[in-house]
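J.: I have a structure I would like to understand better, so I am pasting it below and will then ask my questions one at a time.
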Amino acid sequence: MKQYQSFKDIETDLKRLKLERDIAFEEMKLIKTEFKENLKPVNWIGSTLSTIGKYGIWTLIKRFIRK
C-alpha cells in the first residue's frame, strides 16, 4: 500500500485516478457506439453482399478452370 507524505500527494493521486476512470468510461461509450453501428442492418447487408461476391467469383474461377 502506498504511503503518502502530504495531502497534496493524495489529491494528485485522486485526480489521476479520476482521469483514468473518465478515460475508461469514454472508451466504454465508444465501444457501445461501435457495437450499435455493427448491429445495423445496413452493415449486415454490406458484409453479406461481400461474402456472396467472393463466393460468386470463386465459383466463376472454378468453372473456367474445369473447361
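None of the figures in this text is laboratory data; all of them are computed from the coordinates on show. Because the structure is predicted, anything quoted here is derived from the model rather than measured. Counting neighbours? That spans all protein chains shown, and the Cβs are built from the backbone with ideal geometry, glycine included.
J.: Considering the zone a paramagnetic label at K2 would reach in this model (a point 7 Å from Cα along the Cα-to-Cβ line), which residues of region 15-32 have amide N under 14 Å from it?
T.: 15-21
J.: Bins of 10 Å, beginning at zero and ending with the bin holding the largest distance: percent of Cα pairs per bin for the chain, please.
T.: 16, 19, 16, 15, 12, 11, 7, 3, 0
J.: Still on this structure, please answer the following. Given a Förster distance of 35 Å, report the FRET efficiency between S47 and D22 from their Cβ-Cβ distance, rounded to the nearest 0.05. Don't skip to the end; give the middle numbers.
T.: Values: r = 34 Å, r/R0 = 0.96.
The pair S47/D22 has a calculated efficiency of 0.55.
J.: Would you tally the net charge around D13, using a Cβ to Cβ cut-off of less than 14 Å, leaving D13 out, and scoring K and R as +1, D and E as -1? Don't skip to the end; give the middle numbers.
T.: Numbers: positive: K2, K8, K15, R16, K18, R21; negative: D9, E11, E20.
Here the charged neighbours net out to +3.
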